[in-house]
Amino acid sequence: MSPRLNLAALTAEELQLLLGEGAAQRLLPEVGQARLAGRSVPGRDILTELTFEPQPERGWGATPEASRQLARLRAGLEQLGGQDLGVYYLPGLPEVRHQRAYLLVPDVAVALRWSETPSSPSGPEPFVVAATLLRDRASGMAAVVSSTASVPFALTQSEEIDARLVLGATPEALLEAHRTQVQRNGRGVRLTQASDWQRVFQTVRQLNVQAWTRRGLLLEDQAG
């Protein structure tokens, strides 16, 4: 059974990012009472490991505008030398479950992410995530993650991940900023085969799960 998120252990800011401002405000009284009583407030299930389901190629994009955005981002990544590894569906993730995988020599795994079934017309637009694992942890960091998402791309990042948002950046600008951060932290682990892409994002997930566990954000064996 997957662990569940303990809403009572989240900060007010994290609750708002997770639920939206209105829902977070409505839940705050219950969360406040639970904190005072030392109780948990179970939330959604949390995947401790990601599942990558390969998808056949087709015309992607829930709307014509989303299709155009995906085409622009794909062109930008391919101009940078990105090796297209195809599309994966990641069940269990909230809303944004489709990812086109790229490797950029020598050490960057890239995910072009979007939703084929957005919950509303104002749902998240397609965005790019770049991730690099570090060869040593002299800086205290195990990975560098950069994204063009309009909101944080994880509930809260591990203290071992140097994570930053580069809002509205082109793929070229994102990769330039990402590589600058990698150089500041050390050297990236070289990626030489297609399976390395999954390994990078699986490792980032594991680092986050470990951090969430340390903070008491996860409830084991909790029923709904």
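Taking the range 168-183 as the range and being of a type in the set (A, V, I, L, M, F, W, C) and part of a helix (DSSP H, G or I) as the test, the residues that pass are A173, L174, L175, A177, V182. Taking the range 158-180 as the range and being open to solvent by less than 80 Å² (accessible area, probe 1.4 Å) and in contact with a Ser or Thr (Cβ under 7 Å, 6 or more places away or on another chain) as the test, the residues that pass are L165, V166, G168, A169, L174, A177, H178. For the range 36-58, state whether one or more residues are touching a His at 6+ places or on another chain (Cβ under 6 Å) and closer than 29 Å to A9 by Cα. The answer is no; no qualifying residue exists.
Within the range 136-150, identify whether any single residue is in contact (Cβ under 8 Å) with a residue 60 or more places away in the chain and among the hydrophobic types (A, V, I, L, M, F, W, C), and answer yes or no. Walk me through it before giving the result.
Filtering the range 136-150 down to residues in contact (Cβ under 8 Å) with a residue 60 or more places away in the chain leaves 142-143.
Add one more test, that the residue is among the hydrophobic types (A, V, I, L, M, F, W, C), and what stays is 142-143.
The answer is yes; a qualifying residue exists.
Within the range 197-224, if we keep just the residues that are more than 17 Å from the chain's Cα centre (by Cα) and over 14 Å from L155 (Cα atoms), the residue that is modelled with the lowest pLDDT turns out to be G224. Filter the range 48-72 down to the residues that are part of a helix (DSSP H, G or I), within 18 Å of T117 (Cβ to Cβ) and open to solvent by 20 Å² or more (accessible area, probe 1.4 Å) and list them by number. Within the range 48-72, P64, E65, S67, Q69 qualify.
If I filter the range 25-43 for residues that are in contact (Cβ under 8 Å) with a residue 12 or more places away in the chain, loosely packed, with under 12 Cβ neighbours inside 10 Å and either hydrophobic (A, V, I, L, M, F, W, C) or out of contact with any Leu (no Cβ under 8 Å at 6 or more places or on another chain) (or both), do I get at least one hit? Lay out the reasoning, then the answer.
If we filter the range 25-43 for residues that are in contact (Cβ under 8 Å) with a residue 12 or more places away in the chain, which is where we start, we get 27-28, 31, 34-35, 39-43.
Pick out the ones that are also loosely packed, with under 12 Cβ neighbours inside 10 Å and you get none.
Checking the range 25-43: not a single residue is in contact (Cβ under 8 Å) with a residue 12 or more places away in the chain, loosely packed, with under 12 Cβ neighbours inside 10 Å and either hydrophobic (A, V, I, L, M, F, W, C) or out of contact with any Leu (no Cβ under 8 Å at 6 or more places or on another chain) (or both).
For the range 1-13, a tally of residues being at pLDDT below 85 and surrounded by 13 or more Cβ atoms within 10 Å (Cβ to Cβ) returns 1. Select from the range 33-52 the residues that are at pLDDT 90 or above and among the aliphatic types (A, V, I, L, M) and list them in ascending order. Scanning the range 33-52 gives A34, L36, A37, V41, L50.
Please state which one of Q198, Q193 is surrounded by fewer than 17 Cβ atoms within 10 Å (Cβ to Cβ) and either of a type in the set (D, E, K, R) or not in a loop (DSSP other than H, G, I, E, B) (or both).
The match here is Q198.
The set of residues in the range 93-106 that are farther than 21 Å from V151 by Cβ and open to solvent by 20 Å² or more (accessible area, probe 1.4 Å) comprises V105, P106.
The values are calculated or read from the model by the stated rules, or taken from the named source; none is laboratory data. Keep in mind that what you see is a predicted model, and the values were worked out from it rather than measured. Cβ atoms come from the backbone with ideal geometry, glycine included; neighbour counts cover every protein chain shown. Quick note on the areas: whole protein, heavy atoms, side chains included, nothing else; ligands and nucleic acids left out. Shrake-Rupley method; radii C 1.70, N 1.55, O 1.52, S 1.80 Å.
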